[in-house]
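The structure under discussion appears below in the form of structure tokens.
Nothing in this text is a laboratory measurement; each read-out follows from the coordinates by a stated rule. Small disclaimer: the values here were computed from a predicted structure and weren't measured. Note that we place each Cβ from the backbone using ideal geometry, even for glycine, and neighbour counts take in every protein chain shown.
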Amino acid sequence: MNKITNHMPTAELQALDAAHHMHPFSSGAELAEVGARVMKSAKGVMLTDSEGVEILDAMAGLWCVNIGYGRDELADAAYRQMKELPYYNTFFMTTHVPAIALSQKLAELAPEGFNNVFFAGSGSEANDTNIRLVRHYWAAKGQPERKVIISRKNGYHGSSVGSASLGGMTYMHEQGDLPIPNIHHIDQPNWWAEGGQMSEEEFGLERAQQLEKAILEIGPEKVAAFIGEPVQGAGGVIVPPDNYWPEIQRICDHYGILLIADEVICGFGRTGEWFGSTTYNIKPHIMTIAKGLSSGYAPIGGSLICDEVAHVINHAGEFNHGYTYSGHPVSAAVALENLRILEEEKIVDRVREETAPYLKEKWEALVDHPLVGEAKIKGMMGSLALTPHKESRAPFKAPKGTVGFYGRTRSFSNGLIMRHVGDRMIISPPLVITKDEIDLLIERAVTSLDETYAWAKSEGHMQA
Ligand SMILES: *Cc1c(COP(=O)(O)O)cnc(C)c1O
């Protein structure tokens with residue numbers, strides 16, 4: 001076999017890929033037929049594929065490349081660290097400078113009262129840590145019966161057995177006999193799809209109060225924690241009604257249950273603050289982090305843990321948990337360099353004050369498009385609900401996702417990575433996107449919506 005390089009014809013790369021590489025969230029048979037798109041290189045917000053075609057990545061990879069592609073500083077940090085100490089673990093009373101420096105930096109950036117981090121290799125692993133950690137916490141406090149974790153339908157917390165159980169994706173639960181015991185799901189705050197005749201306010205309250213109902217049904221003495229994403233990402237960028245989180249907070253406080261904010265997407269500037277919890281004034285006990293922590297340049301995740309919980313865990317003997325790559329020195333060095341750039345270049349401030357407001361104005365104007373019923377945006381994450389009938393917020397009669405998938409395909413052809421979740425179009429661009437690039441994003445999105453609308457009409461999908 002010749003060495004496989006970027007210079008091979010795309011079709012050959014695709015054939016090899018299909019022959020040996022099983023992809024996440026894909027059908028192998030379909031991939032073998034269609035061929036995966038081969039990405040070759042990237043710079044800023046632009047990807048280049050194996051055919052030399054440039055694409056604006058309005059998803060920042062998988063919501064993670066916050067500082068954009070092609071920052072040599074991160075490559076240099078990884079190189080230096082690999083030469084000096086490529087690996088050592090943090091088990092059994094050992095540590096190293098990258099893990100020390102990154103945990104100190106995270107304590108500095110996190111809201112007050114967060115001075116500890118437990119590292120993992122990804123968001124999924126971090127949420128698995130959280131399951132064990134909160135149950136261990138309550139056991140250490142003499143309440144071992146507090147085991148139930150309440151989460152939300154259509155929430156996303158990862159793909160491992162534990163984190164997928166926390167998640168509320170039924171299509172994931174169907175494979176692998178999930179969820180694990182003692183996870184309870186309540187409904188999501190998606191007003192557009194599920195609000196019926198209620199106002200957004202009434203609905204926000206009703207959905208938050210489902211938490212209280214669940215706690216009372218299960219028995220408050222059995223509930224360990226509630227987990228939620230400040231803004232649901234993979235569920236379709238569901239921006240909750242303004243009164244939702246304050247009510248969730250009130251209920252968690254009232255029953256004394258732990259609140260876990262899954263900040264894997266919202267963290268590190270995506271909502272225009274360092275954490276989504278700050279944007280929504282949530283006071284969590286634990287925050288899950290990953291993705292933007294290293295801008296995706298190296299795999300790393302973790303749980304930021306508030307002082308009270310950390311104190312209990314630290315005084316409850318050994319925590320029998322950890323990953324070979326917890327606090328991996330190369331990933332930690334890369335993350336540290338990423339945070340330095342985010343901070344020194346004031347990228348989060350620029351998002352909040354300049355680029356997010358600019359994008360918001362243009363994105364929200366898309367609600368006037370004949371195919372769009374709702375245009376939601378928070379910071380640098382946005383969604384469009386496609387509908388055949390704006391007033392009634394009706395779904396399409398075609399199977400869910402038919403129109404959304406077509407929209408995504410048009411968007412990719414038009415040089416824009418915009419994803420679909422069912423019939424919602426979503427974006428989450430790198431935080432460094434400029435106003436000119438936002439103009440280009442919107443222009444390509446509009447073209448794609450126009451083409452999708454014309455097609456949907458001709459296919460008869462616009463009949464409500
Ligand atoms: C992506 C994601 C995860 C899982 O992170 P991985 O690094 O893919 O394991 C967890 N929670 C949220 C909110 C996510 O978006």
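To the nearest 20 debye, what charge dipole does the chain have about its Cα centre, counting +1 at the Cβ of each Lys and Arg and -1 at the Cβ of each Asp and Glu?
On the way: 41 positive and 58 negative charges, 122 e Å.
Computed charge dipole of the chain: roughly 580 debye.
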message: Show me, bin by bin at 10 Å from 0, the whole-percent P(r) of region 5-63 based on Cα pairs.
response: 22, 45, 33, 1
- prompt: For the chain, what is the calculated [θ] at 222 nm in deg cm²/dmol (nearest 500), taking -39500 (n - 2.57) for each run of four or more DSSP H residues and dividing by its residue count?
  reply: -12000 deg cm²/dmol
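Please compute the Kirkwood hydrodynamic radius over region 73-344, one decimal place, Å, based on all pairs of different Cα atoms.
18.9
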Hull-based mean projected area of region 172-300, where the convex hull spans the alpha carbons, in square nanometres: 9.0
- line: Cα extents of region 239-324 along the principal axes, largest first, in whole Å, come to 40, 38, 15
- request: Extending each Cα 7 Å along its Cβ direction at Asp49 and Leu16, get the distance between those two points in nm, one decimal.
  value: 1.9
query: In nm, what is the difference between 0.36 nm times the number of residues separating Glu201 and Met82 and their Cα-Cα distance?
result: 37.6 nm
statement: Here D for the chain, in µm²/s, from Stokes-Einstein with a Kirkwood Rh over Cα pairs at 25 °C and 0.890 mPa s, works out to 106
- request: Find the Rg to Rh ratio for region 74-222, where Rh is the Kirkwood radius over alpha-carbon pairs and Rg uses the same atoms.
  value: 1.07
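From largest to smallest, what semi-axes in whole angstrom does region 298-340 give when each is the square root of 5 times an eigenvalue of its alpha carbon gyration tensor?
Working through the eigenvalues yields semi-axes of 25, 14, 7 Å.
Based only on other Cβ atoms within 10 Å, what is the fewest-to-most ordering of Ile417, Ile238, Ile442, Ile218?
Numbers: Ile417 22, Ile238 27, Ile442 19, Ile218 15.
The order, fewest Cβ neighbours first, is Ile218, Ile442, Ile417, Ile238.
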statement: With x for Gly and Pro, the residue-by-residue ³J(HN,Hα) of region 199-207, computed from phi through the Karplus equation 6.51 cos²θ - 1.76 cosθ + 1.60 at θ = phi - 60° and given in whole Hz, is 6, 4, 5, 4, 5, x, 5, 4, 5
task: Choose one of Ser151, Leu304, Ala139: the residue whose Cα lies farthest towards the positive end of the charge dipole of region 73-344 (beta-carbon charges +1 Lys, Arg; -1 Asp, Glu; about the Cα centre).
output: Ala139
message: So if I place +1 on the C-beta of Lys and Arg and -1 on the C-beta of Asp and Glu, and nothing else carries charge, what would the dipole magnitude of region 73-344 be about its Cα centre? I want it in debye, nearest 20.
response: 660
statement: log10 I(q)/I(0) for region 88-145, Debye formula on C-alpha points only (no solvent), q = 0.21 Å⁻¹, two decimals, reads -1.02
